[in-house]
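The values are calculated or read from the model by the stated rules, or taken from the named source; none is laboratory data. Computed from a predicted model, the values in this text were never measured in an experiment. Cβ: placed from backbone, ideal geometry, glycine included. Neighbour counts: every protein chain shown.
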Amino acid sequence: MKNQPVKRLNRTLQYEGSILKIYQDTVDANGHLAHWDFIHHNGAAAVVPVTEEGKILMVRQYRNAMDRYTLEIPAGGLDSLEESTIDCAQRELEEETGFKTEQSKMEFLICVNTTVAFCDEKIDIYVARDLKPSKQNLDEDEFIEVEAWTLSDLEDYIYQGKITDGKTIAAIFAYARKLNRD
């Protein structure tokens, strides 16, 4: 038996927050009426900041959803639908780490959809080099510690389950592969 395509019949906004909208979709899925949750996110960007010594600047911050501190690459949501992801990555680099670079020193690495089962969040990830000291510009409810790590230590942390953030895992492995190919 060949599956029939899924057809969305209705989408109803259930909740609108500061960074996402939650909908309930009514769909015809293979001839069956179903209700699926859908979360819309305006998009984000992240960056793998690489120092002259080849270390990667990571940010340690409290994540409410996990109820713990996590070790991640710097990232943040787009400020507007018109903002480019490279502009967002450049802004987040400086805001979260206190380092900046020119866009010509940033290279697209990979695009990640974080949770395809129910959310359309897309994160473009860049590599940033030629970092110059600047100043952290954190939101009033943020506290971020910046730490420099070797690539191999980060890979070990991933395999030990100490880094579980999907964007960070994808970025570290993509960056490691890129280094092996260059």
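Applying the condition of being part of a loop (DSSP other than H, G, I, E, B) and of a type in the set (A, V, I, L, M) to segment 12-68 and asking which residue is farthest from residue 153 (Cα to Cα) yields 19.
For segment 59-89, a residue qualifies if it is polar (S, T, N, Q), closer than 30 Å to residue 8 by Cα and surrounded by 12 or more Cβ atoms within 10 Å (Cβ to Cβ), and the qualifying residues are 84, 85. Based on this model, can you work out whether residue 95 counts as in the same structural domain as residue 122 (by TED's automatic domain parsing) and part of a loop (DSSP other than H, G, I, E, B)? Judged against the criteria, residue 95 is not a match.
Restrict the check to segment 36-56 and report whether at least one residue is over 26 Å from residue 151 (Cβ atoms), in contact (Cβ under 8 Å) with a residue 60 or more places away in the chain and charged (D, E, K, R). Yes - at least one qualifying residue is present in segment 36-56.
If you go through segment 21-58 and keep only what is more than 19 Å from residue 177 (Cα to Cα), surrounded by 14 or more Cβ atoms within 10 Å (Cβ to Cβ) and hydrophobic (A, V, I, L, M, F, W, C), you end up with 22, 27, 29, 36, 38, 39, 44, 45. Looking across segment 36-70, the residues that are closer than 14 Å to residue 131 by Cβ and not aliphatic (A, V, I, L, M) come down to 49, 51, 52, 53, 54, 55. Considering segment 145-182, the residues that are among the small types (Gly, Ala, Ser) and either part of a loop (DSSP other than H, G, I, E, B) or over 18 Å from the mean Cα position of the chain (by Cα) (or both) include one that is surrounded by the most Cβ atoms within 10 Å (Cβ to Cβ), namely 148. Residue 134 - would you say it is in the same structural domain as residue 172 (by TED's automatic domain parsing), in contact with a helix residue (DSSP H, G or I) (Cβ under 8 Å, 6 or more places away or on another chain) and hydroxyl-bearing (Ser, Thr, Tyr)? So residue 134 fits the description; yes.
For segment 100-144, the candidate set comprises residues that are part of a loop (DSSP other than H, G, I, E, B) and polar (S, T, N, Q); within that set, the residue that is nearest to residue 35 (Cα to Cα) is 115.
Is it true that some residue in segment 117-133 is surrounded by 15 or more Cβ atoms within 10 Å (Cβ to Cβ) and free of Cβ contacts under 8 Å to residues at least 24 places away in the same chain? The answer is no, given that none of the residues of segment 117-133 is surrounded by 15 or more Cβ atoms within 10 Å (Cβ to Cβ) and free of Cβ contacts under 8 Å to residues at least 24 places away in the same chain. Here residue 18 fulfils each of the conditions (1) within 27 Å of residue 147 (Cα to Cα); (2) more than 13 Å from the chain's Cα centre (by Cα) apart from (1).
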